[in-house]
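Undergrad: My questions will all concern the structure given below.
Just so it is clear, none of the values below were taken in a lab; they were calculated from the coordinates. Quick caveat: nothing in here was measured; it's all calculated off a predicted structure. Glycine also receives a Cβ, built like all others from the backbone with ideal geometry; neighbour counts cover every protein chain displayed.
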Amino acid sequence: MNKGLPVALMLVLLAGGAMAQSKPPVVDAPVLAATPPDATAIKNLNILDVKPDASAEPGYAAQNNGERVQVQPGNNAPMWRQVGAGVTGYSSLPKSEAPEAGNLIQPFVQYPGSRLSNAGEAWRQVRNKVIIPYGGALLLMVLAAIALFYWRVGAIKLHGKPTGRVVERFTPFERVAHWTNATAFVVMAISGVVMAFGKFFLLPVIGTALFGWLAFVLKNLHNFVGPVFTVSLLIVIATFIRDNVPARGDLSWLLKGGGMLGGDEVKSGRFNGGEKLVFWGGVFVLGLIVVASGLLMDKLLPGLVYERSTMQMAHMVHAVSNILMLVMFIGHIYLGTVGTEGAYQGMKTGFVDETWAREHHALWLDDIQSGKLPAQRSPTPVSGQTVQA
Ligand code: HEM
C-alpha cells in the first residue's frame, strides 16, 4: 500500500477537526440597526467589525455564530448586507483619487433637517421622475409651439426689395467660431437627447441591440466633443461679447417682442434685445454652467474630490441647464434658419443686403452709413457692391 495515503488522510481529518472546532471570532463591534444611525458613523465603520442587529433582523446574528459557516460555507450574505448599508471596506486605490472606492454602494447621507437617506436612490428618483418627464415635456411643448407659430404666422419676410449693396455682418473668423460651436452643439444635443430620452422614442423602434451600440457610440462622442464645444464656446463669447453689451432700447425691444410680428421691427444695433438675451442667458450663463458641470463629470476639473454625491449634483445641474439651453437654442436655430428670411445667408456668406440690415438692425446700418463703422472688416472679396459711407 502506498505509505503516503494514510498520512494524507490523517492530515485531512486533522484539518477537518480543526475547522469543526474553530468558532468565528466574537467581536464586540458596533451593530447596524435596521435604520442606520448616522452617516459619518457608518462611513467610519470597518466592514469586518460590523455584524447586523439581532433585534432588528431576527436570526441574522444567530446565522453569524458559526452555524452559517458550517451549513452554507461561502455564503457571505451578512457582508453584502453591510455593503448595502454603506459600510466602508478596504480598497488599495489611493483615497485622493478614489475617495469612495471602499464603498461598493453609496453611503447613506443626512442632509440638514431631513432624515437619513440613500442619496443614490434619491438622485435616481429625481432624474427619472422629475428631470426626464418635465424636461421632455418642456422640449416637446417648445417644439410644438414653434411648429404652430411657423404654420400660422410663418417666417419673418423682408418687406423691401434687395438693393444689391451689401454689408459685412460676420467676418470669416466669426463664422468659423460660430459654426464650429454650432456643429459641436448639435452633436452634443443629439447625443444628450438620445442618452436622456432615447429609451422612450428610439429603443422601441430600433431594438435593444442597436440601441445599446448607438448609445455607447453617442456617449463617447458626447465625452470627446464636449471639450471642442467648451473651447469654441469660450471663443464665441470672447468674439461677440462687445456687441452684446446691453444698450438703451434693448428692453423696449424685448417688451415689444421686437415688434417683429406687427411688421415694424424696433430699431436695434448690430444685435437686438432678443439676441442679447440669448447671448447672456443661453450662451454665457447656461453655456458656462453646462460646460462646467460637463467637465466635472468628465473629471477634468482640477482640485475637486470626485465623490458620488459630487457627480450626482453635477448631473442634475447639467441636465436642467441643458434643457433650458436647448429651449433657447431651438428658438435661436429656428430664427436663424427658416424663421427669418436672409438671416442664415448672413452667417453663411458673411454678408447681408442693405435692405436686410435696414429692416432688422437699423441703428447698426446707420453707424455704417455715417462712417462710424466699416461696411467691411475683412479683406474677403465681395460679389456685390459694399454699402458706402
Ligand atoms: C445649428 C445651429 C445654429 C444655427 C443654424 C445658428 C444660426 C445663426 C445665425 C443665422 C446667426 C446670425 C443672426 C444675425 O445675423 O443676427 C447666428 C448668430 C449667433 N449665434 Fe447661432 N446658430 C446656431 C447655433 C448656435 C450656438 C450653439 C451658439 C452658441 C452656443 C450660437 C451663438 C450665436 C451667437 C453668439 C450669434 C451672434 C448673435 C449674438 O451675439 O447675439 N449659435 N446664429
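Undergrad: Between K256 and T337, what FRET efficiency follows from the Cβ-Cβ distance if R0 is 30 Å, with the result rounded to 0.05?
TA: About 0.80, to the nearest 0.05.
Undergrad: Could you calculate the contour length gain from W179 to K161, that is, 0.36 nm times the residue separation minus the distance between their Cα atoms, to one decimal place in nm?
TA: Computed gain between W179 and K161 is 3.6 nm.
Undergrad: Evaluate the distance, in nm, between pseudo-label points positioned 7 Å from the Cα of W213 and of D298 along their respective Cα→Cβ axes.
TA: 2.6 nm
Undergrad: Using per-residue counts of other Cβ atoms within 10 Å, averaged over each peptide, order 335-343, 283-291, 241-249, 205-213 from highest down. Don't skip to the end; give the middle numbers.
TA: Values: 335-343: 17.3, 283-291: 19.8, 241-249: 13.0, 205-213: 11.3.
Ranked from most to least packed, the peptides come out as 283-291, 335-343, 241-249, 205-213.
Undergrad: R0 = 51 Å: FRET efficiency of A137 with Q70, Cβ-based, nearest 0.05?
TA: 0.35
Undergrad: Through the Karplus equation 6.51 cos²θ - 1.76 cosθ + 1.60, θ set to phi - 60°, convert the phi angles of segment 214-227 into ³J(HN,Hα) values in whole Hz; use x for Gly and Pro.
TA: Values per residue, Gly and Pro as x: 4, 5, 4, 5, 5, 5, 5, 4, 4, 5, 8, 7, x, x Hz.
Undergrad: Between Q345 and M313, what is the spin-label point distance in nm, taking each point 7 Å from the Cα along the Cα→C-beta axis?
TA: With each label point 7 Å from Cα toward Cβ, the separation is 5.1 nm.
Undergrad: Could I ask something else about it? With θ set to phi - 60°, apply the Karplus curve 6.51 cos²θ - 1.76 cosθ + 1.60 along segment 324-329 and write out the HN-Hα couplings as whole Hz, x wherever there is a Gly or Pro.
TA: The phi angles translate into 5, 5, 4, 4, 5, 7 Hz.
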